[in-house]
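Notes for the one structure printed next.
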Amino acid sequence: MSIAEDLYEPLRAAAKYFGPELARTAYQRGLAVTDKTDGSTRPIPITGTAMVIPAAELKHRQDLSRRLSSAGAKMARFMAGGELKELALGGLSPLERALADETAQKLDTLITTRVDFFVGKGGAKALELNATIPAMQGYSDIAANTLIEVAGRYWGVKDQVIASWQAKNGSNTMALYRAVLDGYAKVRPGRSPDRIALLVRRNDAQLTEQNWLCERWREFGQDCDVVYPDQLSGDDAVIANGKKYDMVYRHLFVRRLEEPELKGADYVRGLLSEPNGKRAVVLNPPASQVEVKAVFALLSQALEDRAISNGASLSEEELAAIKESVPWTRPFLGDDLLAKVTAEPDRYVLKRSWDYGGRAVFVGKSRKNPSFVDRTKAAYGAPLDWAELCKRAVADRAGGGFVVQELVATEPEEHVLCSGNSTEVVGLYVDFSAYASVGLSKQPNWGGVCRGSLSQIVNIVGGGGVLPLLTEEVAQSLLNAYRANKR
């Protein structure tokens, strides 16, 4: 048996005892979603069972994420500058489009990206690339550190030993900070930021995660604050609450700046459109076009179309990563493709090209589930069957239209879901996401994050939970502690 299998049963048995403390502690540390209307928070469930991935496999998935992220950035640049421009930019909001027109050809650095995978019999298959404000670096650390701590204490491990295990497990929060420093130094060689502003909307859904990042970065010795758009001012420098910031970490969708109720949006627009570093270095810069799913579809198509792969200057190692891990994906266009997808619903997934949160994702295999009907009603105002949905989607150009992707077969896994005072063994669809950076001199020591959902569409804000991700070394240490203190 593997370490993961050996550790599963002890954690499953013990979680009914430590589960409430696990959920409560993770929530207190920031594993939560914030309500945009009143700022209240609700906990994100956490599992008392862990995901354990062999070191070599984890390294391989991280390398796939690096190569796919680089390829996606190249493909977006190629599409935005030629005949495929509308396919890449047509679904963007007016401001996103304006910034993409202005900056897409110059964009060569993304300090953090995230590739989301499903893992089945064929290995890890990449579903999409996140490049706008890829999050969950903090959530992933909260989940892993809290499970290590709570389970370790339950099995009698001393705090200093637990702390050493947490350090060995790695930190996406630290990797993000290293990426920020390297990205800043690329703009201002030989320098480090004096003070960092983590820019976020008031009552952003992931505000607690941004607070966690800020607190940890302060522990690393960095002067930083969470700030809101309405707090920003300054013609020669970025100022908030009387402090000057020479770097801005952007956790703010560009499209939010078009919302009339967002105070301070004009200032942020100006900051994003000026030459990088004039008032402050902004990381990540606007990159909506990189995350557009039509770009991901063209990566798949590049395997069969040399004009596309050459046009995007894809390297052999990038093409190899696409061949290994990207399922067949295409822009959903034309009568032939419509007929093919309509006739074989169990094989395909439809996704709006520019959207987020899994709101416009339709899994053909789940077409008989009530949730499928709810999604079609939300998208089109009426319940639609698969054939009707396909007919509507192929003609729908909102959000840049749809892409169609071959379904990656995956089965639910049993995990102990902890929320509030309840612990329950449930079947969860689990994804794995690996972080990467583009354009830095070296990759930070990125890890990953795992999410679980009762639905095949895995999303945290829309429901679901976080599964702690452990290295084999730390999992073995926990297993040894259990064996030494069986109870």
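Please treat every number below as a calculation from the coordinates, not as lab data. Quantities reported herein were computed from a predicted structural model and do not represent experimental measurements. Cβ coordinates were reconstructed from backbone atoms using ideal geometry, including for glycine residues, and neighbour counts include every protein chain displayed.
Structure values in brief
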quantity: Order of Ile308, Ile44 - criterion: other Cβ atoms within 10 Å of each residue's Cβ, fewest first; calculated: Ile308, Ile44
quantity: Mean Cα-pair separation over length for segment 46-133, i.e. relative contact order, pairs under 8 Å, 6 or more apart, %; calculated: 24
quantity: Relative contact order (percent, whole number), segment 115-165, Cα cutoff 8 Å, 6+ residue spacing; calculated: 21
quantity: HN-Hα J in Hz across segment 411-426 - Karplus 6.51, -1.76, 1.60, θ = phi - 60°, x for Gly and Pro; calculated: 10, x, 10, 7, 9, 8, 8, 10, 8, x, 9, 9, 10, 9, 7, 9
quantity: Per-residue [θ]222 nm for the chain (sum of -39500 (n - 2.57) over DSSP H runs n ≥ 4, rounded to 500); calculated: -13000 deg cm²/dmol
quantity: Rounded to 5, percent antiparallel among DSSP beta bridges of the chain; calculated: 75
quantity: Whole-Hz couplings from phi, Karplus 6.51/-1.76/1.60, listed for segment 467-480; x for Gly and Pro; calculated: 9, x, 9, 10, 6, 4, 4, 6, 4, 5, 5, 5, 5, 5
quantity: Counted charge near Pro383, where neighbours are those whose Cβ lies closer than 13 Å (Asp, Glu -1; Lys, Arg +1); calculated: +2
quantity: 30 Å Cα-Cα threshold exceeded, pairs from Lys16/Lys368; Lys74/Lys377; Lys36/Lys293; Lys59/Lys293; Lys125/Lys340; calculated: Lys16/Lys368; Lys74/Lys377
quantity: Residue pairs, from the table Lys85/Lys351; Lys186/Lys323; Lys121/Lys323, whose Cα atoms sit over 24 Å apart; calculated: Lys186/Lys323
quantity: Overall dimensions of the chain by Cα: Rg and Dmax, Å; calculated: 22.2, 66
quantity: Taking the chain and dividing mean pair separation by its residue count, relative contact order in percent (alpha carbons under 8 Å, at least six apart); calculated: 28
quantity: Ranking of Phe117, Phe18 by count of other Cβ atoms within 10 Å, fewest first; calculated: Phe18, Phe117
quantity: Segments 170-176, 160-166 sorted - mean Cβ within 10 Å per residue, highest first; calculated: 170-176, 160-166
quantity: Normalised convex hull volume, segment 256-334, alpha-carbon set, Å³ per residue; calculated: 160
quantity: Rounded if a/c under 1.5, otherwise prolate or oblate - segment 37-90, Cα gyration tensor axes; calculated: oblate
quantity: Cβ-based exposure ranking for Ser69, Ser325, in which fewest neighbours within 10 Å come first; calculated: Ser325, Ser69
quantity: Local net charge near Val425, Cβ-Cβ under 15 Å (Lys/Arg +1, Asp/Glu -1); calculated: -2
